[in-house]
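The values are calculated or read from the model by the stated rules, or taken from the named source; none is laboratory data. Small disclaimer: the values here were computed from a predicted structure and weren't measured. Here the Cβ positions follow ideal geometry from the backbone for every residue, glycine too, while neighbour counts run over all protein chains shown. The protein model used for the area step is the full one, side chains on, heavy atoms only, and it has no ligands, DNA or RNA in it. Shrake-Rupley method; radii C 1.70, N 1.55, O 1.52, S 1.80 Å.
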Amino acid sequence: MTAVPAAQPRVAFTDEMKAEFKALLGDRFTTAAAVREHHGKDESYHPNFPPDGVAFAASTEEVSAVVKLCAKHKLPIIPFGTGTSLEGGVAALAGGICIDVSTMKEVLRVSPEDLDVTVQAGVTRKQLNEHLRDTGLFFPIDPGADASLGGMASTRASGTNAVRYGTMRENVLGLTVVLADGRIIKTGGRARKSAAGYDLTRLFVGAEGTLGIITEVTLRLYGIPEAISAAVCPFNDIRGAVDTVIQTIQSGIPVARIELLDEVQMDAVNKYSKLDYTVAPTLFFEFHGTAAGVKEQAEMVAAIAAEFGGSEFTWATRPEDRSKLWQARHDGYYAALALRPGSKGWPTDVCVPISRLADCILETKKDIAESSMLAPLVGHVGDGNFHLVYVIDPDKPEEMAEAKRLNDRMVDRALAMGGTCTGEHGIGYGKMEFLEKEAGDAFAVMGELKRAFDPENRMNPGKVVRI
Ligand SMILES: Cc1cc2nc3c(=O)[nH]c(=O)nc-3n(C[C@H](O)[C@H](O)[C@H](O)COP(=O)(O)OP(=O)(O)OC[C@H]3O[C@@H](n4cnc5c(N)ncnc54)[C@H](O)[C@@H]3O)c2cc1C
C-alpha cells in the first residue's frame with residue numbers, strides 16, 4: 001500500500017471547540033460519524049481518515065470565520081468539493097475540520113461578451129453548463145465525474161476535452177482564496193493576459209488545498225461549436241491506435257477529444273453499459289467546428305486511422321447518441337470495477353511527451369500481461385496521458401504489493417521518458433514519493449513555499465509536499 005505520511009501531532013478536539021463551531025454555523029457544523037466518514041475518503045482504494053468535524057460553509061466570509069476558529073485552536077483544515085479525487089487528497093490524516101464548500105453553489109456572474117464567468121467553488125461543471133445552456137456558451141473541462149469547480153481548480157483537473165481546450169491551468173483566470181490565517185485574497189482577474197507580479201492563480205491551481213481554500217473561481221468560456229460529431233474506431237492492435245493518435249496530433253488536426261480504451265476496458269464497457277462494441281483497442285473521437293470543418297477533420301483522421309489498421313468509424317451525430325457514447329467512456333472506472341464484484345480501484349495516471357506515448361503504453365501493457373493483475377487501460381491520449389485501474393482487493397497484501405510494483409515501474413518509465421507522475425489526478429499523499437523523484441531539488445522549494453503560506457502546516461497537512 002502507499003505509505004501514509006507520518007501523522008502530524010493530533011490536536012484533541014474538545015466539546016468546547018465543538019460548541020464554538022456550532023455557535024458559528026449551527027446545524028451546518030456536524031460531528032456525526034456518517035458525515036465524517038463520508039468526508040474522510042475519496043473514490044479510490046485509499047483508506048478512510050475521517051475529520052473531527054465537518055463545516056458546511058455558505059460564503060467566503062463564513063469559510064474565513066471557520067478558518068480563523070481553526071487557527072485559534074491549531075486545528076488542521078481539509079477542503080472538500082465533491083470527494084471524487086483519487087490520491088487520498090481529502091483524507092484527514094491528522095484529524096481536524098473538513099470545510100465542505102459544496103453548498104456554495106451560486107453562479108455569480110456570466111459575461112457572454114467577454115466569454116467568462118465567476119462561480120462559487122461548490123458549483124459543479126454540469127451545473128455550470130446547465131446554467132449556460134441558453135447563452136450559446138459552454139465550459140469544456142470534463143473530468144468525467146461531476147466535480148466541483150473549486151476541486152477541479154485545486155487538482156488542476158483536465159479530462160477528455162483537454163487536447164483541444166486545455167486544462168484548468170489554462171482556463172482559470174482568477175480566484176478568491178481564504179488563507180490559513182483567515183485572510184481573503186483575490187488573484188488574477190478577468191483580463192485575458194497580465195504581466196502584473198507573481199502568478200498566484202497558477203500557484204493555487206493544483207495546490208490541492210495545501211495553500212488556501214478557493215471560494216470563487218473565474219473561468220474562460222467557449223462558444224458551443226456549430227457542428228459536433230463523435231465516432232468510435234476499433235484497431236487491429238494498440239500500437240496502430242496510438243500511432244493514429246500521434247500522427248493526428250503531429251498533423252495539427254484540432255480534434256476535440258481522442259480517447260483510447262484497450263481491449264480489456266472495451267470488454268468492461270460493453271458489459272457495464274450493455275453495448276456491443278468490438279472488443280479491441282479502440283479510439284473514441286469528437287470533432288468540433290463548422291459543418292465543413294468537422295467533415296474535413298473527420299476525413300483526415302479516418303485516413304490516418306486506415307493507414308494504421310483502424311476499421312470503419314461508427315458515427316454518433318445526434319446529441320443523444322453522443323451522450324450515450326461519452327457516458328459509456330465516463331463510466332469506464334465503474335465498468336472496470338464491475339469486472340470483479342466487490343473489488344476496489346487503484347486508479348493511476350501518467351503523462352509523457354506524445355512521441356513517447358506508444359513506447360510507454362506498450363511497455364506498460366507488457367508488464368501487466370506478465371503479471372496476474374487485472375488492469376484496464378484508458379487514456380486521454382491526445383495529451384500523452386493514460387490511466388490504469390488496478391482492480392484489487394485491498395485486504396490482500398500480495399495484490400497491493402503487485403499493484404505497487406507495477407505502478408512504480410510505470411511511473412519510473414514515464415519519468416525516464418521526460419513525462420510526469422500524474423497528468424491530472426494530482427499528488428494527494430498517494431503520489432508524494434513520485435513527486436519528490438520528479439521535482440528533484442524543486443520539491444524542497446515547494447515545501448518552503450508551503451511554509452510561507454501556511455507556517456503551522458494546517459492546510460491539508462500530509463499532502464503534496466513533505467514538511
Ligand atoms: C470516475 C472518475 C473519473 C475521473 N476522471 C478524471 C479525469 O478524466 N480527469 C481528471 O482530471 N480527474 C478525473 N477524476 C478525478 C476527480 O474527478 C478530479 O480530481 C476532480 O477535480 C476532483 O474534484 P472534487 O470537487 O471532487 O474535489 P475533492 O475530491 O473534493 O478534492 C480534491 C482535492 O482538492 C482539495 N479541494 C477541494 N475543494 C477545494 C477548494 N475549494 N479549495 C481548495 N482545495 C480544495 C481537497 O482538499 C483535495 O485535496 C476522476 C474521478 C472519478 C471518480
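Descriptive notes on the structure:
- Wholly within the stretch 140-186, helices (runs of 4 or more DSSP H) carrying at least 1 residues that are hydrophobic (A, V, I, L, M, F, W, C) and open to solvent by 30 Å² or more (accessible area, probe 1.4 Å): 162-165
- Single residue of Val177, Val172 found to be within 8 Å of the ligand (Cβ to nearest atom) and in contact (Cβ under 8 Å) with a residue 24 or more places away in the chain: Val177
- Residue within the stretch 102-121 that is within 13 Å of the ligand (Cβ to nearest atom) and surrounded by fewer than 18 Cβ atoms within 10 Å (Cβ to Cβ) present: yes
- Look at the stretch 145-157: where a residue is farther than 17 Å from Glu130 by Cα and a partner is among the basic types (Lys, Arg), sitting 6+ places away or on another chain with Cβ atoms under 8 Å, you get Met152/Arg125; Arg156/Arg169.
Conditions (1) of a type in the set (Ser, Thr, Tyr); (2) within 20 Å of the chain's Cα centre (by Cα), marked per residue:
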{"residue": "Met300", "(1), (2)": "no, no"}
{"residue": "Thr314", "(1), (2)": "yes, no"}
{"residue": "Asp321", "(1), (2)": "no, no"}
{"residue": "Leu337", "(1), (2)": "no, yes"}
{"residue": "Arg340", "(1), (2)": "no, no"}
{"residue": "Lys344", "(1), (2)": "no, yes"}
{"residue": "Ser355", "(1), (2)": "yes, no"}
{"residue": "Asp359", "(1), (2)": "no, no"}
{"residue": "Leu362", "(1), (2)": "no, no"}
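- Selection from the stretch 122-138 of residues that are away from the ligand (no atom under 13 Å from the Cβ) and under 20 Å from the mean Cα position of the chain (by Cα): Asn129, Phe138
- Filter result for Gly96 (more than 12 Å from the ligand (Cβ to nearest atom), buried (at least 24 other Cβ atoms within 10 Å of the Cβ) and not hydrophobic (A, V, I, L, M, F, W, C)): no
- Picking from residues in the stretch 369-405 that are free of Cβ contacts under 8 Å to residues at least 40 places away in the same chain and closer than 19 Å to Glu263 by Cβ, the one that is nearest to the ligand (Cβ to nearest atom) is Met373.
- Residue among Thr218, Thr248 that is more than 13 Å from the ligand (Cβ to nearest atom), touching a helix residue (DSSP H, G or I) at 6+ places or on another chain (Cβ under 7 Å) and open to solvent by less than 60 Å² (accessible area, probe 1.4 Å): Thr248
- Inside the stretch 416-434, residues that are assigned to a helix (DSSP H, G or I) and either in contact with a helix residue (DSSP H, G or I) (Cβ under 8 Å, 6 or more places away or on another chain) or among the aliphatic types (A, V, I, L, M) (or both) make up a count of 3.
- The set of residues from the stretch 410-467 being aliphatic (A, V, I, L, M), under 21 Å from Pro51 (Cα atoms) and either away from the ligand (no atom under 16 Å from the Cβ) or without any contact (Cβ under 8 Å) to a residue 60 or more places away in the chain (or both) comprises just one member, Ile467.
- Restricting the first member to the stretch 40-58 and to residues that are modelled with pLDDT of 95 or more and away from the ligand (no atom under 12 Å from the Cβ), and the second to residues that are in a loop (DSSP other than H, G, I, E, B) and open to solvent by 10 Å² or more (accessible area, probe 1.4 Å), the beta-carbon pairs closer than 7 Å and six or more apart or on different chains are Asn48/Lys41; Asp52/Phe13; Asp52/Thr31; Gly53/Phe13; Gly53/Thr31; Phe56/Thr103; Ala58/Thr103.
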